[in-house]
1. Return yes or no: is residue B:122 within 10 Å of another protein chain (Cβ to nearest Cβ), free of Cβ contacts under 8 Å to residues at least 24 places away in the same chain and touching a helix residue (DSSP H, G or I) at 6+ places or on another chain (Cβ under 9 Å)?
2. When you go through B:107, B:133, B:152 one by one, which is the residue that is over 24 Å from residue B:65 (Cβ atoms), free of Cβ contacts under 8 Å to residues at least 12 places away in the same chain and either in contact with a strand residue (DSSP E or B) (Cβ under 8 Å, 6 or more places away or on another chain) or not assigned by TED's automatic domain parsing to the domain that holds residue B:18 (or both)?
3. Of these, B:49, B:26, B:10, which one is outside the structural domain of residue B:118 (by TED's automatic domain parsing) and closer than 20 Å to residue B:118 by Cα?
4. Hey, does region B:59-77 have a residue that's modelled with pLDDT under 95 and either out of contact with any helix residue (DSSP H, G or I) (no Cβ under 9 Å at 6 or more places or on another chain) or within 7 Å of chain A (Cβ to nearest Cβ) (or both)?
5. Any residue in region B:8-31 that is at the interface with chain A (Cβ under 7 Å from one of its Cβ atoms) sitting within a Cβ distance under 7 Å of a residue that is outside any helix (DSSP H, G or I) and buried (at least 23 other Cβ atoms within 10 Å of the Cβ)? List the pairs, counting only those 6 or more apart or interchain.
6. Out of the residues in region A:1-32 meeting the condition of being more than 7 Å from chain B (Cβ to nearest Cβ) and farther than 23 Å from residue B:37 by Cα, tell me which one is modelled with the highest pLDDT.
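The values are calculated or read from the model by the stated rules, or taken from the named source; none is laboratory data. Quantities reported herein were computed from a predicted structural model and do not represent experimental measurements. Every residue, glycine among them, receives a Cβ derived from its backbone with ideal geometry; neighbour counts consider all protein chains shown.
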């Protein structure tokens with residue numbers, strides 16, 4: 001038998017090298033965390049649905065306490081909630097009836113979204129010295145009546161340097177379907193153990209519109225949720 | 001009491017993607033089965049993700065994750081050992097390379113566990129003495145001495161077999 005010339009060669013004989021092809025998403029699923037790919041597919045519809053639920057909940061509370069007149073809530077037609085719509089999949093084959101694909105976030109959108117996010121005082125206050133890395137960025141788009149797709153802003157996932165627990169009002173957007181793109185509201189909530197935040201940046205108004213903790217965080221709604229009468233989206 | 005630094009998912013994913021091949025190789029060496037490596041490393045990273053907030057930050061994240069991988073591999077080895085005791089399968093070498101591999105495996109199996117781990121981390125993971133020391137919570141000097149002893153013992157065992 002030929003003897004290997006070194007310990008390294010001997011050990012190479014025992015276990016040959018492996019490749020680096022792994023499945024991180026499966027690890028996240030087994031650990032109980034939604035994977036970025038899954039989240040990116042459902043992000044905007046879910047965001048819209050959640051915002052609508054929050055809006056309805058707060059509207060119901062305001063209606064019950066007499067803050068909103070009933071006729072202001074009645075439009076007489078089905079609500080057209082998703083004024084903001086997810087980008088179509090770029091892999092879908094184009095058809096005549098299919099809307100135009102959304103443009104990707106690039107220059108100047110991405111640098112602008114980063115700058116707006118970094119400068120936002122509410123986010124800085126919530127982060128309380130934590131740093132973050134943008135781990136996902138998808139366009140926030142608006143589809144016009146002639147199926148053109150325009151970039152409204154950016155939907156960013158910020159992975160935090162340290163888990164975050166706080167009790168603070170969070171900026172949120174209520175999609176009313178009454179002709180306005182969205183209405184800015186505040187949601188009072190207690191957050192526990194958030195490792196990432198999702199933010200919506202409106203590039204038209206240069207504002208950070210919503211801040212939401214990741215799905216793995218525990219979020220408890222606090223008393224005091226009211227409408228913010230200012231800042232209707234343009 | 002000092003607050004745990006915690007490890008972010010970004011950091012863990014980066015480590016996973018950069019060093020997956022090395023994690024798998026060390027895991028396969030500890031368990032003694034190549035096909036167990038993927039499951040062991042995945043299980044280790046599931047544990048790491050779940051426990052990421054407990055990472056104290058008083059040492060490198062790499063060393064913390066390596067400890068989790070080593071523990072997952074030891075657990076797998078223990079389970080496999082119990083299964084073998086129950087079923088007692090006997091494999092015979094089928095060709096020359098299998099025969100050599102079995103000789104080396106038998107020699108490595110005779111080393112004390114610390115010597116095996118130091119060897120695997122040095123050669124399969126390409127860790128330096130400092131990183132091995134942090135992973136195994138021993139001093140740099142102990143790493144050097146253990147590695148020398150492992151080399152000497154392995155050469156002796158292989159010489160005895162191949163003479």
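1. Working: within 10 Å of another protein chain (Cβ to nearest Cβ): yes; free of Cβ contacts under 8 Å to residues at least 24 places away in the same chain: no; touching a helix residue (DSSP H, G or I) at 6+ places or on another chain (Cβ under 9 Å): yes.
Criteria not met by residue B:122.
2. Going through B:107, B:133, B:152 in turn, just one is over 24 Å from residue B:65 (Cβ atoms), free of Cβ contacts under 8 Å to residues at least 12 places away in the same chain and either in contact with a strand residue (DSSP E or B) (Cβ under 8 Å, 6 or more places away or on another chain) or not assigned by TED's automatic domain parsing to the domain that holds residue B:18 (or both): B:152.
3. Working: B:49 fails: closer than 20 Å to residue B:118 by Cα; B:10 fails: closer than 20 Å to residue B:118 by Cα.
Matching residue, one of B:49, B:26, B:10: B:26.
4. Looking for residues that are modelled with pLDDT under 95 and either out of contact with any helix residue (DSSP H, G or I) (no Cβ under 9 Å at 6 or more places or on another chain) or within 7 Å of chain A (Cβ to nearest Cβ) (or both), one finds none in region B:59-77, hence no.
5. Pairs found: B:8/A:195; B:9/A:195; B:25/A:15; B:25/B:124; B:28/A:15; B:29/A:15; B:29/B:124.
6. The extreme case among them is A:6.
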